[in-house]
1. Peptides 227-240, 167-180: what's the order by average Cβ count within 10 Å, highest mean first?
2. Could you tell me which residue out of Gln101, Phe434, Pro87 lies farthest along the dipole of the chain toward its positive end? Charges go on the beta carbon: Lys and Arg +1, Asp and Glu -1, centred on the Cα centre.
3. Along the positive direction of the dipole of the chain (beta-carbon charges: Lys, Arg +1; Asp, Glu -1; about the Cα centre), which of Asn54, Trp325, Ala398 reaches farthest?
4. Per the 1.4 Å probe, what fraction of the accessible area of the chain, in percent, lies on carbon and sulfur atoms?
5. Could you tell me the relative contact order of the chain? Use alpha-carbon pairs under 8 Å, at least six residues apart, and round to a whole percent.
6. Can you compute the helix-only [θ] at 222 nm over the chain? Use -39500 (n - 2.57) per DSSP H run of at least 4 residues, normalise by all residues, nearest 500 deg cm²/dmol.
7. Where the centroid of each part is defined by its Cα atoms, how far is the range 84-143 from the range 46-82 in Å?
8. What shape does the range 287-436 take by its C-alpha gyration tensor, where a ≥ b ≥ c are the square roots of the eigenvalues and a/c under 1.5 counts as rounded, a/b above b/c as prolate, and the rest as oblate?
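The values are calculated or read from the model by the stated rules, or taken from the named source; none is laboratory data. This is a predicted model, so every value here is computed, not measured. Note that we place each Cβ from the backbone using ideal geometry, even for glycine, and neighbour counts take in every protein chain shown. To get the accessible areas, we keep the full protein, side chains included, count just its heavy atoms, and leave off ligands, DNA and RNA. Shrake-Rupley method; radii C 1.70, N 1.55, O 1.52, S 1.80 Å.
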Amino acid sequence: MTSPQRPSGAPSQDEYRILRDADLRDYFASLPAVASLLGGAPAGWSIGEVGDGNLNLVFIVKGTKGGIAVKQALPYVRLVGESWPLPLSRSHYEYLALVHQAELAPGLVPAVLHHNEALALVAMELLEPHIIMRKGLISGTCYPRFVEDITTFLARTLFLSSDLAVAAARKKEGIAAFAGNHALCRITEDLIFTDPYRQAEQNRWTSPWLDASAAAIREDLDLHVAVSRLKLKFMGGPEALIHGDLHTGSIMVTESETKVIDPEFAFYGPMGFDLGAVLGNLIMGYLASPGHERSAGERRSFEAWMLETIENVWAEFSRKFLGLWRAGGHGDGYPAVLFSGETGAARLEAERQAYMERLFGDTVGFAAAKIIRRILGLAHNIDFEWIEDARLRATCEARALRLARAMMLGAPSFRTIGDVTKAAKKLHDWQPDFAG
Ligand code: SR1
Ligand code: MG
């Protein structure tokens with residue numbers, strides 16, 4: 001895989017300005033290809049800022065013929081404000097990742113229509129009528145296409161950018177191309193692997209019900225060791241080009257299509273981090289579900305689908321990843337010359353199984369870290385946040401915390417994905433003792 005470079009002669013960084021609706025109108029009016037895609041007179045285009053993420057501005061621009069989604073990075077963290085500066089270069093890495101992912105997993109990411117490095121701006125195909133998957137799950141909607149698509153995305157982007165598929169020099173060029181995205185990695189290192197386990201000013205949780213759980217986790221040295229091991233893997237394991245923030249808010253869906261968006265956290269990291277993000281967020285969706293129930297048991301079939309989906313995501317990912325490997329691992333890892341003949345082939349197959357077991361262990365650990373950060377850290381998710389009754393929200397969150405702690409400490413006892421769903425199911429109706 002070759003890495004697209006920054007376009008030569010790109011305008012310099014000092015031309016950056018935060019764009020308002022009127023600026024966007026003038027800007028796209030001056031780009032014939034985009035203007036013609038939109039259609040009609042620029043004065044008639046509708047333009048609105050719709051971003052509800054933690055970092056950026058997102059606009060939808062619509063003309064008489066079509067529409068585009070436009071993402072502009074702000075020089076700071078939107079969720080917190082100007083007191084937390086953040087490099088605009090994340091837009092470059094997002095663009096780069098979208099280009100690579102489109103090559104590796106065609107059709108599963110939005111098409112990039114335009115990129116301006118200086119403005120930290122990416123214009124993409126407008127995904128309509130897609131919605132953010134997290135919102136669909138909150139409303140209890142099942143997505144029949146999701147397992148097929150997300151596992152193709154995961155298997156292809158991870159396998160095809162790894163040492164199992166890519167020659168050593170190219171892989172290292174890939175690592176180098178994304179190495180500058182360290183400010184975004186740092187957010188993950190702090191917010192996921194450190195802050196929820198210490199007193200951090202920005203931490204928050206559903207108080208007072210989770211006060212004791214939060215305090216216990218701050219004192220839990222077993223957990224501190226386990227999360228630090230995961231952090232080290234995240235920092236020092238450039239296995240593949242990972243999305244880096246693959247939660248259900250980074251996935252847009254319809255019943256028949258799935259698109260992975262927002263890869264601004266992309267870099268070469270551990271595969272289990274992306275897998276854990278998907279599974280950890282599905283587990284949260286499942287355990288948040290009782291909080292969105294309007295009548296007893298009304299979400300039962302949705303919840304059964306969620307458990308099935310969690311199981312199928314791992315099973316299908318594993319099948320597709322191994323399929324790619326068996327069809328031809330042309331990377332410099334596991335040189336074919338060392339595994340010739342029938343005995344060599346059998347030994348390599350056993351090694352593939354061992355590889356998947358190790359990857360599953362990483363996935364379980366990272367999924368747990370993703371759950372804990374959303375309940376005790378700075379950035380929460382609406383699966384829990386939209387549960388209006390705070391005590392019920394705390395109950396759902398306490399169940400998820402209990403499962404996550406068991407998963408992070410007991411990865412070896414979660415040998416199969418069925419062990420994970422079984423444990424999640426067992427906690428679905430568990431009543432925490434908030435007094436104790
Ligand atoms: C301060 S940024 C908080 C979170 O938003 C992003 O979506 C990532 O998940 C990050 O950790
Ligand atoms: Mg995002």
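1. Values: 227-240: 17.9, 167-180: 16.2.
Going by the mean number of other Cβ atoms within 10 Å, highest first, we get 227-240, 167-180.
2. Highest projection toward the positive end goes to Phe434.
3. Trp325
4. Numbers: 9830 of 18480 Å².
Carbon plus sulfur share of accessible area: 53 percent.
5. On the way: 716 pairs, mean separation 75.4, N = 436.
About 17 percent, as a whole number.
6. Details: 15 runs with 215 residues, N = 436.
-16000 deg cm²/dmol, from helical runs alone.
7. Taking the Cα centre of each part, the range 84-143 and the range 46-82 sit 11 Å apart.
8. Values: a/c = 2.97, a/b = 2.48, b/c = 1.19.
Prolate.
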